[in-house]
Amino acid sequence: MRRSDQSAEARKRRTTWLLSLLALGMFGFGFALVPLYDLLCQVTGVQSVALRSNSEQGYAGSSAGEGASRVVTVKFDTSVHPELPWDFNAADISLKVRTGEIYEVDFLAHNRSNGQIIGQAIPSVVPWQATAFFSKLECFCFNRQVLEGGETTTMPLRFMVSSDLPREINSLTLSYSFMRLDSGQQDLPLKKDLQASNKTITL
Amino acid sequence: MTTTTMTHDEAHHDHAPTGLKRWLFSTNHKDIGTLYLLFALTMLFLGGASAMVIRAELFLPGIQLVDPDLYNNLVTNHALLMIFGAVMPAAAGLANWMIPLMIGAPDMALPRMNNLSFWILPAAATMLILSFVVPFFPGGGTQINTGWTLYPPLSIKVGMSMDFLIFAIHLLGISSILASINIIVTLLNMRAPGMTLMKMPMFCWTWLVTAFLLILVVPVLAGGVTMLLFDRHFGTSFFDAAGGGDPVLFQHLFWFFGHPEVYILLLPSIGVLSHVIPTFARKPLFGYKSMVGAMLAVATIGMVVWAHHQYTIGMSLGAVTYFMVGTILISIPVGLMIFNFIATMWRGSMTFETPMLFAVGIVLMFTFGGLSGVMLAVVPADMQYHDSMFVVAHFHYVLMPGAVFGLFAGVFYWLPKWTGHMYDEKLAKIFFWTNVIGFNITFFPQHFLGLAGMPRRIVDYNAIFTEFNVLSSIGAMIFGLSHLLLLYIVIKTIRGGKKAKNRSWEGAKGLEWEVGSPPEFHTWTTAPQIK
Amino acid sequence: MCFNFSTIKKMLLLSLGTFAFGSAWGELGVNFPTPAGDVAQDIYDIHMLTMKVTTILLVIVFAIVIYSLYFHRKSRGYQADQNFHNTWFGNWSWVLVPALVLGVDFTIAKNADTVLKTVWEVPKEKDIMDIKVTGHQWWWEFDYLDHGIKVESRYTPQDQSGDLYLREVDNRLMLPTGKKIRFLHTSADVLHAFWVPELAFKKDAIPGYVTETWIELNREGVFRGQCAELCGTWHSRMPIVVESVSEAQFATWVDGQKVAQQQALAEANTDKTWTLDELKEKGKALYDTKCAACHQVTGQGLPPAFPPLAGSKIATGPIEGHLHIVINGKPNTAMQPWGTLNDLEIAAIVTYERNAWGNDTGDVIQPADVKSAR
């Protein structure tokens, strides 16, 4: 047998521990990527969900901008995921706005179902280069929205397009995806809601 | 690992233990290496069987054999069985067998951890197979129809079989991390006196880099699938946009692992080639230093170009340009490796035994796969290639020659060393030719299918794609069945054959050829002195 | 050893030959189809350029290896040059080879970068036409944002599409030539990807994301593609058919769509009481397009993922339960909510399901019943 060398054994142990720590560290790094991801997105320009929904960013970028004011077209578009039994539409298809000024538009939401449903809207701006220049001062997308069964409501959006918007952009489209927050994972709330409205149901 | 336990093991193992105990409690690197290789061979056949069902289904348009969900499940399982079940354990098996022999060490540094890292594998494989089988039982939920990429939201919607799969990935990850730690500790601390890092055999170098890559990326995948598990069961929304998460985040986590994984599969085979080609060209490896440098460069650049798998998600111009340029740059170190291999053959005195045949095949076909990789790296063109059959053809041209043929070369190269018998050269050559020809008939036509507009992972296709699919499926049957010959050759060699010399090949160099064929149960108990 | 060499040579010649043969087949449908737009043409050209460069490299590598395999053999008595790696070439090749490869890389990257900019930078004209492309399991929705038109596009089953099976849809994506069109890609459920080879690009549909691509079509024609990102069971049944027409034809089509939509709306809003036969007829048409992909035209389904409706508990049991599952879907299964359909449509589908394939319940569900069940 090879001469047992105390220092060699110690070296081996140290390497083993260091490597184990590295592996654990990388496992942690995987989770650290969740917050780091937004940073990465800002750097690489991937328009992550968090970046677009963040109210902070809307306030931070809410300066009127330094360029000359001009008129641009803002189109409004809505999608409702099938799991969310709501109707959701913009009151206007599009609006001509002056940059640097604050506008308010209404979106109409209606819960078709009998139960209380929670939804979350996720905004996107097209072209994506305009995202940083489109400030949402007040938006229903900052929070989850709760609609009671059959409820109809108006959801206002106050926004401003910065005058710093690159000159070649004359038209931008604001698109909202409305999703159901519990993703329809559980059947229970619906059943309960239906029982509350005194209907018998057998599935 | 204290000295006392080692002494104990030594005493215990003086005569090789027999029966089940020898294998279950083995701390001997040779036995564990054998276990790894046998496990990999089993998984190769399972993964191959699933591939053959896939190709049989795609033989003609229409849905004949398997329903769409079973098809997708097979696609998922084929990838995972081959990558985690066959290639990685086979490479780990070679490492276990050869690294101590090559560096003049008596065993791996952490023999009992070695035992653990192997015996996790059968448990992981059981979980993996359960994830495939569970949906067939009443109440077993839906089949895994996501492909091995497990992209949410689809993977959130799959039934309980996905949980089995996630745990299987956890176990496989733990096993390979333990094995990697062991290999690095061995390589850094147990080299024979005088063997500096830059005198280390190339196979050891490739494994050193591979093991580091594994430790760096596998935990990230484990983290990603853990988040998936939380999203599925604990109401978190890491990947659910409605809850403030991001479905694209998973893709980044996955490919942060997934791209280096390609090099993890590839590098050990590059190491094997660095021994096989000099042996049969009868001249030293050309450019040892540049080989080491190229390998480090590949590993480094390979860590930071993952998003080239996601060109179509809608990144900014700056981001895609960066990933495109980074990916194209990988061709430099890889090109240098290929060049070094060709330069080793150049002005050599070549003979073409089976390991060398595989080596030549690798150099040619891997170049082909690498060049189609350059095409895929080009973002505007990839807008077309992405997720088409062209991609399937590309990565099989990279991974079959680059990883699997390299392992075959290694197996034939060292089989005489392991068993003490020469394998049947004639049969082995027949195996090589059926294998390589079958492989090319299978995957070459898939380039055309992709360019003609056939997406990957579809169970049914329009009749315009029929001809090439028929050809590809015929090739796949030849290719798949040829592995039965491999099995036969291996069994035949284990049972008997021409006695192998200690130095089994005329041009072979290195410490592993100084020990017996087969080697004694304990080798290099006294470390050799390297000049 | 000679035997080995000649077989190697045969293999090499065979594969080279196949490759050359393959290139000559460009016109016969083994390469991308002729692009239908200038951007698409750029993409096609960069594809051809990289393919040519890589083919040349491949031929060079193969030639060198074949030369070496032939001449540097022991059986020919060639003595290994043990000092080859110590010559000036051996000492400097690690600089030479990367420099050469870098040159090739640079050629490709420079050309690719130019094309990339045109492809990636979506034009920002004011009058660009916006079309939202939404991927659903397993159909496409096209919303013409500037015209207020919505088109649902589903694959047509084999008995109707014949040779074009998996390449034909019920409602095509109509696009005008000579106009800049911007696509906004998004998804309503899982990932999908929009791919029509003539348009030469692919873009993922991701829930919560809206990504952009653009095209200006330069010729009329019908272009066929399909979903390119695995999206579950019927991933193979999501064709996309683009019909490129002149601007005048497009305008006519738009008007027709608007009239049809108004008619459908008017019909859905009447207070009329529908008869069983009327609803069954309407219901069959709707069922065959929207439900038959999973539950099959025969109502037999494809168990276990897609349960049969013929004789099922739900389709013959209480009406409330049937309406509930159609409107709200069934969580954690492939059954999605169909609440976006209007009352008349749901009434028709449910009536049909309860009176077809031997489900002779005789139930007639009126739009008002659906309204109260929501």
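The values are calculated or read from the model by the stated rules, or taken from the named source; none is laboratory data. Quick caveat: nothing in here was measured; it's all calculated off a predicted structure. Here the Cβ positions follow ideal geometry from the backbone for every residue, glycine too, while neighbour counts run over all protein chains shown.
Tabulated values for the structure
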{"quantity": "Only listed residue being touching a Ser or Thr at 6+ places or on another chain (Cβ under 8 Å) and within 14 Å of chain A (Cβ to nearest Cβ), chosen from B:Leu285, B:Leu253, B:Leu214, B:Leu229", "calculated": "B:Leu214"}
{"quantity": "Subset of the range C:166-182 (residues that are within 14 Å of the chain's Cα centre (by Cα) and at the interface with another protein chain (Cβ under 10 Å from one of its Cβ atoms))", "calculated": "C:Leu166, C:Arg167, C:Glu168"}
{"quantity": "Of all residues making up the range B:212-232, the number that are touching a residue at least 60 places away in the same chain (Cβ under 8 Å) and more than 13 Å from B:Phe254 (Cβ to Cβ)", "calculated": "6"}
{"quantity": "Residues of the range B:483-531 that turn out to be hydroxyl-bearing (Ser, Thr, Tyr) and in a helix (DSSP H, G or I), as a count", "calculated": "2"}
{"quantity": "Some residue of the range B:77-95 being modelled with pLDDT under 90, under 30 Å from A:Arg14 (Cα atoms) and not in a loop (DSSP other than H, G, I, E, B)", "calculated": "no"}
{"quantity": "Any hit, the range C:18-30, residues being modelled with pLDDT of 50 or more, surrounded by 19 or more Cβ atoms within 10 Å (Cβ to Cβ) and facing chain B (nearest Cβ under 8 Å)", "calculated": "yes"}
{"quantity": "Residue selected from the range C:333-348 under the condition among the hydrophobic types (A, V, I, L, M, F, W, C) and within 28 Å of the chain's Cα centre (by Cα), by the criterion farthest from B:Gly139 (Cα to Cα)", "calculated": "C:Leu341"}
{"quantity": "Among the residues listed as B:Asp107, B:Asp163, the single one being buried (at least 23 other Cβ atoms within 10 Å of the Cβ) and either touching a Pro at 6+ places or on another chain (Cβ under 6 Å) or touching a residue at least 60 places away in the same chain (Cβ under 8 Å) (or both)", "calculated": "B:Asp107"}
{"quantity": "Members of the range C:290-313 that are buried (at least 18 other Cβ atoms within 10 Å of the Cβ), more than 12 Å from every other protein chain (Cβ to nearest Cβ) and more than 23 Å from B:Pro138 (Cβ to Cβ)", "calculated": "C:Cys291"}
{"quantity": "Selected residue [facing chain C (nearest Cβ under 10 Å) and in contact with a His (Cβ under 8 Å, 6 or more places away or on another chain)] from B:Ile464, B:Ile458, B:Ile441", "calculated": "B:Ile458"}
{"quantity": "Filtered residue count, the range A:95-115, keeping only those that are modelled with pLDDT of 85 or more and either among the charged types (D, E, K, R) or surrounded by fewer than 19 Cβ atoms within 10 Å (Cβ to Cβ) (or both)", "calculated": "11"}
{"quantity": "Wholly within the range B:340-438, helices (runs of 4 or more DSSP H) carrying at least 1 residues that are more than 9 Å from chain C (Cβ to nearest Cβ) and surrounded by fewer than 24 Cβ atoms within 10 Å (Cβ to Cβ)", "calculated": "B:354-377, B:389-399, B:406-419"}
{"quantity": "Subset of the range B:306-338 [within 19 Å of A:Leu39 (Cβ to Cβ) and within 20 Å of the chain's Cα centre (by Cα)]", "calculated": "B:Trp306"}
{"quantity": "Scope the range B:481-506; condition within 14 Å of another protein chain (Cβ to nearest Cβ) and surrounded by fewer than 20 Cβ atoms within 10 Å (Cβ to Cβ); matching residues", "calculated": "B:Glu506"}
{"quantity": "Pick from the range C:183-240, criterion of a type in the set (Gly, Ala, Ser) and more than 7 Å from chain B (Cβ to nearest Cβ), ranking: surrounded by the fewest Cβ atoms within 10 Å (Cβ to Cβ)", "calculated": "C:Gly221"}
{"quantity": "Criterion violated by A:Asn143 - all others in (1) modelled with pLDDT of 85 or more; (2) more than 14 Å from chain C (Cβ to nearest Cβ) satisfied", "calculated": "(1)"}
{"quantity": "Helices (runs of 4 or more DSSP H) contained in the range C:285-374 and holding at least 3 residues under 22 Å from B:Gly159 (Cα atoms)", "calculated": "C:292-295, C:319-328"}
{"quantity": "B:Leu172 vs. criteria in a helix (DSSP H, G or I) and over 28 Å from B:Pro528 (Cα atoms)", "calculated": "yes"}
{"quantity": "Residues that are closer than 25 Å to B:Thr466 by Cβ, surrounded by 20 or more Cβ atoms within 10 Å (Cβ to Cβ) and among the aliphatic types (A, V, I, L, M), drawn from the range C:128-176", "calculated": "C:Leu166, C:Val169"}
{"quantity": "Criterion: within 23 Å of C:His235 (Cβ to Cβ), small (Gly, Ala, Ser) and surrounded by fewer than 21 Cβ atoms within 10 Å (Cβ to Cβ) - qualifying residue of B:Ala463, B:Ala527", "calculated": "B:Ala463"}
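Residue by residue, here is whether (1) assigned to a helix (DSSP H, G or I); (2) facing another protein chain (nearest Cβ under 9 Å); (3) hydroxyl-bearing (Ser, Thr, Tyr); (4) out of contact with any Ser or Thr (no Cβ under 8 Å at 6 or more places or on another chain) holds:
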| site | (1), (2), (3), (4) |
| --- | --- |
| C:Asp42 | yes, yes, no, no |
| C:Asp45 | yes, no, no, yes |
| C:Lys52 | yes, no, no, yes |
| C:Tyr70 | yes, no, yes, yes |
| C:Gln79 | no, yes, no, no |
| C:Gln82 | no, yes, no, yes |
| C:Val97 | yes, yes, no, yes |
| C:Leu102 | yes, yes, no, yes |
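Residues checked against (1) in contact with a Cys (Cβ under 7 Å, 6 or more places away or on another chain); (2) among the hydroxyl-bearing types (Ser, Thr, Tyr); (3) assigned to a strand (DSSP E or B):
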position: A:Asn114; (1), (2), (3): no, no, no
position: A:Gly119; (1), (2), (3): no, no, yes
position: A:Ser124; (1), (2), (3): no, yes, yes
position: A:Gln129; (1), (2), (3): no, no, no
position: A:Leu137; (1), (2), (3): no, no, yes
position: A:Met160; (1), (2), (3): no, no, yes
position: A:Arg167; (1), (2), (3): no, no, no
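Rundown of residues vs (1) part of a helix (DSSP H, G or I); (2) in contact with a Phe, Trp or Tyr (Cβ under 9 Å, 6 or more places away or on another chain), yes/no style:
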| site | (1), (2) |
| --- | --- |
| B:Gly245 | no, yes |
| B:Val248 | yes, yes |
| B:Ile264 | yes, no |
| B:Leu273 | yes, yes |
| B:Lys283 | no, yes |
| B:Phe286 | no, yes |
| B:Ala307 | yes, yes |
